[in-house]
């Protein structure tokens with residue numbers, strides 16, 4: 001028997017005091033991306049790869065967790081890129097249970113960057129499917145997590161000019 005599925009979509013908008021080129025670079029530069037996306041407080045990074053290129057040669061794989069928490073993973077494929085303007089990606093998130101991977105969600109996300117005065121307006125839209133009886137409960141949690149991610153990006157842009 002397969003898990004029930006819940007579908008959800010949300011959009012977040014954020015303005016940054018940085019040019020679209022700087023915001024795009026924070027996504028494309030592996031060191032910058034690791035700082036704001038992967039190195040969240042309390043996370044132990046077990047495996048990390050990030051390459052902002054379209055298709056099989058690019059993408060990302062992030063494994064995180066530790067002795068006290070289950071190991072989670074994120075596998076990302078970049079589907080479309082327009083430098084300083086757009087990133088479209090698909091990703092799967094889940095947990096490792098021994099040798100098995102338990103996928104908990106699959107998403108399509110679009111990052112749009114628009115010049116806004118001397119800054120950038122970022123629009124993040126995600127369409128996702130969430131697995132399991134409690135899949136619908138994960139939709140607001142994912143939106144909250146993505147909002148925190150965009151705040152981490154703001155701190156990265158402020159700290160590393």
Original post:
Out of segment 55-73, which residues are in a strand (DSSP E or B) and surrounded by fewer than 16 Cβ atoms within 10 Å (Cβ to Cβ)?
Top reply: 61, 66, 69, 70
Original post:
Just for segment 11-32: of the residues that are in contact with a helix residue (DSSP H, G or I) (Cβ under 6 Å, 6 or more places away or on another chain) and either outside any helix (DSSP H, G or I) or without any contact (Cβ under 8 Å) to a residue 60 or more places away in the chain (or both), which one is nearest to residue 141 (Cα to Cα)?
Top reply: 12
Original post:
Within segment 152-159, is even one residue farther than 20 Å from residue 23 by Cβ and modelled with pLDDT of 95 or more?
Top reply: no
Subject >> Condition met for residue 8 (under 24 Å from residue 133 (Cα atoms) and touching a residue at least 40 places away in the same chain (Cβ under 8 Å)) >> reply: yes
Original post:
Does residue 154 count as in contact (Cβ under 8 Å) with a residue 40 or more places away in the chain, surrounded by 15 or more Cβ atoms within 10 Å (Cβ to Cβ) and part of a helix (DSSP H, G or I)?
Top reply: yes
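The values are calculated or read from the model by the stated rules, or taken from the named source; none is laboratory data. Quick caveat: nothing in here was measured; it's all calculated off a predicted structure. Please note: Cβ atoms are built from the backbone with ideal geometry, for glycine as well, and neighbour counts cover all protein chains shown.
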